[in-house]
Structure formats: structure tokens, C-alpha cells
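Here is the structure we will look at, set down as C-alpha cells.
The values are calculated or read from the model by the stated rules, or taken from the named source; none is laboratory data. These numbers were taken from a predicted model, which means no experiment stands behind them. When we count neighbours, we look across all protein chains shown, and the Cβ atoms used for this are built from the backbone with ideal geometry, even at glycine. Calculation scope for accessible area: heavy atoms of the full protein, side chains included, ligands and nucleic acids excluded. Shrake-Rupley method; radii C 1.70, N 1.55, O 1.52, S 1.80 Å.
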Amino acid sequence: MTHRWKFALVAAVIAPGLMACESSTSGSPTSVSAAPVELFDPCTGIPDDALQSAGVDPASEERGIAGVDQSGWKICTWKGARYYITVFSTGRTVSEFEQKPGNVDFRDVTIAGRNGREFRVAGASKELGCDVLLPAQQGVLQLRITNKASSGNPEDPCSVINRVGDSVIPVLPN
């Protein structure tokens, strides 16, 4: 009988701890994720000399989208004479980007010795932009080049991203 009491006591102590690891939505349990991963902040993590080498003005820095931070992301954009560079930092996966409608033309690339996935976003401005996803411990880092629509005879943005990547990618975390 004493073994049953010990088992009941242990179960009473452990069960609430296990239940604290789950939450319920519409009656079905789901696991609570661990503490959020600390995202790399491109606005503070990319040195000015790397940005200048990439052809953009460090003083033109803009955080977020139109200055508004986005939940689950750290985003920073800089302006150059002919293009913008945007670096996104997120906990998402490359697979999530590949499954998103509108992301097209995926291909494997190596830039600055680092493997990534290049893609474009479908739509009217498809020929103005090019993106590279870089898997990282935190999730994904995304480098985007967007040619200025007003610049005459813009260079292929995927060619630009390879050149710019040589300056920016080495300072990004793995």
C-alpha cells in the first residue's frame, strides 16, 4: 500500500508541471514553445563599412517597414544611388518561404562562401528585386536588393545581390 501512496504523491507533484507545458485551444492541447529566439538586429549588427562597400549610405537607415517594427522580425533598409538593400531577420524557416504563394524562381546559390536560396517575388516589380535566404541558428536571414524604378537601365538585381552579398553576408551570423 505504501508504494501506491508514493506513486500518487509523485503523480500529484509531476502532473501540474507537465500540464504547464501545454496550452489548450478549442479543447486540443498544443505545446508551448520555448522562449523566443533572440533575433539578429541588422540595423545594429551590420557595420557602416560593410554597408558603404555594398554601395549604400549607412545614414539612410530605416527600421521595420516604413519605420514600423514588425512582430517576429527585425528589418533594416538602406538606400544607394541605384538600389535599396534590406536585411530581414526572423525565426521562420527556408521551407516557409518556399511555400509562400508569390515567392518564385527558387535556386541554390553560394555568396561569400555561404549557401543560400535565391528567389524573386512575383508581380509587377519582379524584375526590380531579388532575395537570398540564408539559414541561421535563429531561423533565416534574408538579403533583398530592390532596384530603384526611377533609375534608367537597372542592373539585374540578382547580379547586384551577388556583389552586395560579398560585403554584407560575411558580417551576418550563422
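Please state the shape class of the range 109-174: rounded when a/c is under 1.5, otherwise prolate if a/b exceeds b/c and oblate if not, all from the C-alpha gyration tensor.
prolate
Using r as the Cβ-Cβ distance of Asn174 and Gln52, and R0 as 25 Å, what FRET efficiency do you calculate, to the nearest 0.05? Write out the running numbers ahead of the final one.
Working: r = 23 Å, r/R0 = 0.94.
About 0.60, to the nearest 0.05.
By how many nm would the segment from Gln99 to Asp69 lengthen if fully extended, with 0.36 nm per residue of separation less the alpha-carbon distance?
Gain on stretching Gln99 to Asp69: 8.4 nm.
Let me have the relative contact order for the range 69-174, percent, based on Cα pairs under 8 Å that are six or more residues apart.
Taking the mean separation of contacting Cα pairs over the length of the range 69-174, I get 25 percent.
Relative to the present Cα-Cα distance, how much length would full extension add between Arg163 and Lys148 at 0.36 nm per residue of separation?
Values: separation 15, 0.36 × 15 = 5.40 nm, distance 1.69 nm.
Contour length minus the Cα-Cα distance gives 3.7 nm.
Could you sort 48-60, 155-167 so that the peptide with the highest average Cβ count within 10 Å comes first and the rest follow in order?
In descending order of packing, they fall as 155-167, 48-60.
Multiply the residue gap between Asp108 and Lys79 by 0.36 nm, knock off their C-alpha separation, and tell me the result in nm, one decimal place. Intermediate values should be presented prior to the final figure.
Working: separation 29, 0.36 × 29 = 10.44 nm, distance 2.66 nm.
Value of the extension gain: 7.8 nm.
Leaving out ligands, DNA and RNA but keeping every protein chain, what accessible area does Leu128 have, in Å² rounded to the nearest 10, with a 1.4 Å probe?
40
In terms of the Cα gyration tensor, with a ≥ b ≥ c the square roots of its eigenvalues, is the range 36-140 rounded because a/c is under 1.5, prolate because a/b exceeds b/c, or oblate?
On the way: a/c = 1.40, a/b = 1.18, b/c = 1.18.
Because its axes are fairly even, with a/c under 1.5, the range 36-140 counts as rounded.
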